[in-house]
Amino acid sequence: MLTDYDAKAVADVMGIAFLRSPDGESSLVATPDKTTNAGLALPGDRLAGDFVIRVDDATILVVEAGTPDRPARLGPSNNRISRWPGHGMDPVSSPSPLFIEKAVEKGLPRQALRHVAESLAGGDKAKISSLEWGVVPKTTLERREKQLSPQESERTERVARLFVHARRALGSEAEAREFMTTPHPQLEGRSPLDAARTDLGTRRTEQILNALEYGLAL
């Protein structure tokens, strides 16, 4: 999986971006009432789902980069991932899979799932909620105001990963959306979205996509 894992594309589908602090935690000093779940203070411009991870001894701020319907903001530039004004936070242009792994372990922003669902729904807004509930049950998701659990984050990443893979294998977002939401005979009639509830189902879906991408036999 890691050989072809496009961390930047997966992050884009989940609507998150990574900002590096050149001065470590000292760049994150701000108002005392706005802290991460790691206890680090962040600038007052942060959104509810932003949090800090550590990658190779670097301090990384994980931010919501917005959704197609609700682009997030970062200071006067109205572009959260261009730079965090006055705080020396620069975007990580090519994140490694480790960035995604650390973010999933911490718990993705709740809006990451919404962003994935919007990517799968295309222009059909009526499908967004049902697609979300296919990843995290409705009653559970209603309790998630700011952040998903690590387990829910893992399922969200699986769906985003499969969508990126399908887009690459099939050649277009429209075909990838249809693949992700259509029952497949090799998955016992489940859709790849349903299969992604488990790691084994995800691996089987990846086998199907590899066969499509490289002309392999199933």
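Here are some notes:
- Of note, residue 155 does not satisfy the criterion of being in a loop (DSSP other than H, G, I, E, B) and not acidic (Asp, Glu).
- Any hit, the range 160-179, residues being closer than 27 Å to residue 107 by Cβ, among the hydrophobic types (A, V, I, L, M, F, W, C) and not in a helix (DSSP H, G or I): no
- Picking from residues in the range 180-206 that are of a type in the set (Asp, Glu) and assigned to a helix (DSSP H, G or I), the one that is nearest to residue 137 (Cα to Cα) is 194.
- Criterion: touching a helix residue (DSSP H, G or I) at 6+ places or on another chain (Cβ under 6 Å) and modelled with pLDDT of 90 or more - qualifying residue of 135, 92: 135
- Residues within the range 186-203 that are of a type in the set (D, E, K, R) and surrounded by 20 or more Cβ atoms within 10 Å (Cβ to Cβ), tallied: 0
- Filtered residues of the range 108-126 (kept if open to solvent by less than 10 Å² (accessible area, probe 1.4 Å) and over 17 Å from residue 178 (Cβ atoms)): 108, 109, 112, 113
- Residue count, the range 132-153 (criterion: touching a residue at least 12 places away in the same chain (Cβ under 8 Å) and either open to solvent by 20 Å² or more (accessible area, probe 1.4 Å) or more than 16 Å from residue 181 (Cβ to Cβ) (or both)): 12
- Failed item in (1) part of a helix (DSSP H, G or I); (2) of a type in the set (S, T, N, Q); (3) open to solvent by 20 Å² or more (accessible area, probe 1.4 Å), with residue 93 passing the rest: (1)
- Residues located in the range 179-208, provided they are under 20 Å from the mean Cα position of the chain (by Cα) and more than 22 Å from residue 152 (Cβ to Cβ): 179
- Within the range 154-185, the set of residues being hydrophobic (A, V, I, L, M, F, W, C) and open to solvent by 60 Å² or more (accessible area, probe 1.4 Å) comprises 174 only.
The values are calculated or read from the model by the stated rules, or taken from the named source; none is laboratory data. This one's a predicted model, so the numbers in the text were calculated from it and none came from an experiment. Glycine also receives a Cβ, built like all others from the backbone with ideal geometry; neighbour counts cover every protein chain displayed. Ligands, DNA and RNA are stripped out before the accessible areas are found, and what is left, the full protein with its side chains, is counted by its heavy atoms. Shrake-Rupley method; radii C 1.70, N 1.55, O 1.52, S 1.80 Å.
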